[in-house]
Amino acid sequence: MTAHLITPRRALLLGGAALAAPALARAQGLPARPIRLLVPFSPGGSTDIHMRGLADAATRRFGQTVMVENRPGASGSLGILAMRTSAPDGLTLTTLPITAVRNMLMTGDINADPTADCAPVLHLTGYLIGVVVRKEAPWQTWAEFLAYAKANPDKINYGTAGAASTAYVGMERIARAQGIKWTHVPYRGVGENVQALMSGQVDAAVDSSGWAPMVEDGSFRLLVTWGAERPRRFSQAPTLRESGIDMVFASPYGLVGPKGMSPATVAALHDGFKDALHDPQHLAALERLDMPLMYKNTADYTSFLAEQVAEERDAVRTLGLRAR
């Protein structure tokens, strides 16, 4: 499923007038204490950088501090696991990456709903995922890369950020659709994945845009991107759809709180974070990270999340995904 995409630049133009309203003196319906925002990835990564920018903008909107706490590990699942034990007062939230949903289905009861203890607030964004190779690689295009992989089963090794990553699921779905056999090499994050490509341990790295500096300096070649449209910064690379593969992968995520929050609390959180999401400084940060604005309100995000769980349950079954 493709979420509705709005580029940060366009959102900045469209939302400027609304942002002229003064910051909230304090969010209605929330206790006058700091809000904890659990980020289930390591400091310094795309998600951490994004959420710290959003937290700064939200602090200005709410009139009370929004603090980021990193809870890395388990494919992004530790944020939701920690949040589940928190009081439903609106003061503890976490990002819910699709990798966490997938990992919990892989490690637990596949028929269970891993989001049952969550109260969705709003959907935020997703990642720019791309396939990169070294500059000296023989493949100049994605079509050449696919043709070689088809003609040479098990000769291509590709790296991702792990067996629960959207990059892995996407590559395996592409392999099934195209009749390809290639070898997956999981790493602990985009940093390790990029280093593995640099050193020649893998033929390609498939990941979010941690590879961007190497593409810009000419060390890597970007063959294809997986979004609904070409990113501004890398408009030379086609999308999967433009390459004849009707798939879109953005690994989207939103904000959730613990089950049991009152409607007034959810509404206060939604309104404050929606304003923060459209803050000019935050939109500029999204632009730098090549991350599209994918806003959905509480009701739409709730429906979207249910669809994601169903899709990921099917992917786990179809691809035979298991925790390692």
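At 0.36 nm per residue, minus the direct Cα-Cα distance, what do GLU216 and ARG232 gain on full extension? Give it in nm, one decimal, please.
Taking 0.36 nm per residue and subtracting the Cα distance, the gain is 4.5 nm.
Once all protein chains are placed together, ILE180 keeps about 10 Å² accessible to a 1.4 angstrom probe. Loop-located trypsin sites (Lys or Arg not before Pro) in region 125-179 (DSSP state other than H, G, I, E, B) with a sparse environment of at most 14 neighbouring Cβ atoms within 10 Å: LYS135, LYS155.
Membrane-span-like helices in the chain (whole DSSP H runs, Cα extent of at least 27 Å along the helix axis, mean Kyte-Doolittle hydropathy of at least -0.5): 298-319.
Distance from the C-alpha centroid of region 174-235 to that of region 27-86: 28 Å, rounded to the whole angstrom. Per-peptide packing, taken as the mean over residues of other Cβ atoms within 10 Å, places 214-221, 246-253 in the sequence 246-253, 214-221 from highest down. Taking a point 7 Å out from the Cα of ALA151 in the direction of its Cβ, none of the residues of region 232-252 has a backbone N less than 14 Å from it. For THR85 and ILE110, a Förster radius of 22 Å and the Cβ-Cβ distance give a FRET efficiency of 0.40, rounded to the nearest 0.05.
The relative contact order of region 27-172, computed from alpha carbon pairs under 8 Å that lie at least 6 residues apart in sequence, is 22 percent. Calculated mean residue ellipticity at 222 nm for the chain: -11500 deg cm²/dmol, from DSSP H runs with n ≥ 4 weighted as -39500 (n - 2.57), summed, divided by the residue count and rounded to 500. For the chain, the number of Lys pairs with C-alpha atoms closer than 29 Å, counting only pairs eight or more positions apart or on separate chains, is 8. Protein heavy-atom surface of region 60-181, 1.4 angstrom probe: 50% of the accessible area is carbon and sulfur, with nucleic acids and ligands not counted. Averaged over its residues, the chain has an accessible area of 42 Å² per residue, based on protein heavy atoms and a 1.4 Å probe. Taking the Cα centre of the chain as origin and assigning +1 to Lys and Arg Cβ atoms and -1 to Asp and Glu Cβ atoms, the resulting dipole is close to 160 debye.
Which residue, VAL185, GLY227, ALA204, has the largest displacement toward the positive end of the dipole of region 166-244 when charges sit on each Cβ (Lys, Arg +1; Asp, Glu -1)? Ranked along the dipole, the leading option is GLY227. Evaluating 6.51 cos²θ - 1.76 cosθ + 1.60 at θ = phi - 60° for every residue in region 76-84, the Karplus couplings come out as x, 8, 6, x, 5, 5, 6, 5, 4 Hz, glycine and proline recorded as x.
The values are calculated or read from the model by the stated rules, or taken from the named source; none is laboratory data. Computed from a predicted structure; not experimentally measured. Note that each Cβ is placed from the backbone with ideal geometry, even for glycine, and that neighbours are counted across all protein chains shown. The protein model used for the area step is the full one, side chains on, heavy atoms only, and it has no ligands, DNA or RNA in it. Shrake-Rupley method; radii C 1.70, N 1.55, O 1.52, S 1.80 Å.
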